[in-house]
Amino acid sequence: MNNKRKVREYAEKYMSYVLFICISSCFVALMLSAVIDSDFYSLFIILFLTTTVSPLICIGLFTLIEKLIKIIKKEKQ
């Protein structure tokens, strides 16, 4: 039961990081669109997907899957 709580806390922490990066990417795209007179949505998508969230999702999912596998192995024993 304690391991499930740890996984839940880890997932909540990871999702808060993703939310923070999403909001910061939105602000950066808003500032860039005002400065260079470009489309806000295209800048936001470029910043959000290519520079921040894609690597975080890959790293986060990999470590989350590792932890879940360890917890499942411990429960089977």
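Taken together, the values in this text are just the output of simple stated rules run on the coordinates, not laboratory data. For clarity, every value in this text was computed on a predicted model and none was experimentally measured. Note that we place each Cβ from the backbone using ideal geometry, even for glycine, and neighbour counts take in every protein chain shown.
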Q.
Placing unit charges on C-beta atoms (Lys and Arg positive, Asp and Glu negative, everything else neutral), compute the dipole magnitude of the chain about its Cα centre in debye, rounded to 20.
A. 880
(Q) Among Ile21, Tyr41, Tyr10, whose Cα projects farthest towards the positive end of the dipole of the chain, with charges put on the beta-carbon of Lys, Arg (+1) and Asp, Glu (-1)? (A) Tyr10
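Relative contact order for the chain: what is it in percent, counting Cα pairs under 8 Å that are at least 6 residues apart? Please list the in-between numbers first.
Working: 33 pairs, mean separation 27.1, N = 77.
It rounds to 35 percent for the chain.
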Q: Give the angle, between 0 and 90 degrees and rounded to the nearest 10, that separates the Cα long axis of helix 54-76 from the longest principal axis of the Cα atoms of the chain.
A: 10
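Using 0.36 nm times the number of residues separating Glu75 and Ile46, minus their current alpha carbon distance, what extension gain do you get? Walk me through the intermediate numbers first.
Numbers: separation 29, 0.36 × 29 = 10.44 nm, distance 4.20 nm.
Taking Glu75 through Ile46 to full extension adds about 6.2 nm, to one decimal.
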Q. Counting other C-beta atoms within 10 Å, which of Lys76, Lys6 has the fewest, and how do the rest follow?
A. Lys76, Lys6
Q) For region 36-41, in order, what is each residue's ³J(HN,Hα) by Karplus, 6.51 cos²θ - 1.76 cosθ + 1.60 with θ = phi - 60°, in whole Hz (x at glycine and Pro)? A) 9, 6, 10, 6, 5, 5
Q: Figure the gain on full extension for Ala11 and Leu64 (residue separation times 0.36 nm, minus the Cα-Cα span) and round it to one decimal in nm.
A: 18.3 nm
Q: Take the Cα gyration tensor of the chain, multiply each eigenvalue by 5, square-root it, and list the three semi-axes largest first, rounded to whole angstrom.
A: 37, 11, 5
